[in-house]
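Structure record follows, encoded as structure tokens.
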Amino acid sequence: MSRVCHHLLSRCQQRCLNPDAPQWLSISVGGDEMKSLELFTGAGGMALGLERAGFNHEVVVEWDSDSCATLRRNTRWSVLQVDVRSLDFTAYQGRIDLIASGVPCQPFSVAGRRRGDSDARDMFPAFLSAVRAVWPKSILIENVSGLAGPMCHPYFEYIKLQLGHPTFEGISMRHGSDTKAG
Ligand SMILES: C[S@@+](CC[C@H](N)C(=O)[O-])C[C@H]1O[C@@H](n2cnc3c(N)ncnc32)[C@H](O)[C@@H]1O
């Protein structure tokens, strides 16, 4: 896993930071095209960068209608306009190289109250449940520095623990999607 992540990171940097990089440069491990899922896609900034880095989005998910209209107008991606929490991702199990996610940052932002997992807009449980269902080779999360700051630190540690042990559904923080350890 870490070798694949390192490989992806260096290829992404190579492609994203170098505008003269050849357009045919694509990322592959073992010769296969790299497949990705993007959650909380917004207007597609990160998704576009990943596509330019060589990823092929199987599907991008976003619930905001204006964002989805923007994505449909400007890309050929398969755009799913739904609440990420309503999706069952098991059909993608074992087929995805990367789950990229612009998990909403309002619960963690220094511009807000930083209520973390007590904020109804916290979508990390939905992200973690997608990771558990899909078993991607790698993940990429875009968020704000407040997530790693002192107020949200315990929750950040919890998220890292969950990602480090994806088969362990864990101790419930607050959300129903995380079941108690059996
Ligand atoms: C931080 S933005 C993502 C920005 C994006 N990565 C980009 O590069 O433009 C988070 C997005 O998540 C969407 N969102 C929030 N909750 C959602 C949910 N439950 N299901 C689907 N989309 C959601 C919001 O509409 C918003 O567009």
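If you take the beta carbon distance between HIS153 and ASP66 as r and set R0 to 35 Å, what does 1/(1 + (r/R0)^6) give as a FRET efficiency, to the nearest 0.05?
According to the calculation, E is roughly 0.55.
Using the beta-carbon distance between SER78 and TRP135 and R0 = 30 Å, what value does 1/(1 + (r/R0)^6) give for FRET efficiency, to the nearest 0.05?
0.90
ASP88 to ARG115: extension gain in nm, 0.36 nm per residue of separation minus the Cα-Cα distance?
Full extension from ASP88 to ARG115 adds 7.0 nm.
If you place +1 on the Cβ of every Lys and Arg and -1 on the Cβ of every Asp and Glu, how big does the dipole about the Cα centre of the stretch 34-164 come out, in debye to the nearest 20?
Dipole about the Cα centre, nearest 20: 140 debye.
From the backbone phi of the stretch 42-56, what are the Karplus-calculated ³J(HN,Hα) couplings (6.51 cos²θ - 1.76 cosθ + 1.60, θ = phi - 60°) in whole Hz, Gly and Pro given as x?
Karplus-based 3J(HN,Hα) across the stretch 42-56 equals x, 8, x, x, 5, 4, 5, x, 5, 5, 5, 7, x, 7, 10 Hz.
Taking K and R as +1 and D and E as -1, what net charge do the other residues with C-beta under 10 Å from the C-beta of ASN56 add up to?
Summing Lys and Arg as +1 and Asp and Glu as -1 gives -3.
Readers should treat all values here as calculations from the given coordinates under stated rules, not as data from a laboratory. Just so you know, these numbers come straight off a predicted model, no measurement behind them. In this analysis, Cβ positions are derived from the backbone assuming ideal geometry, glycine residues included, and neighbour counts consider all displayed protein chains.
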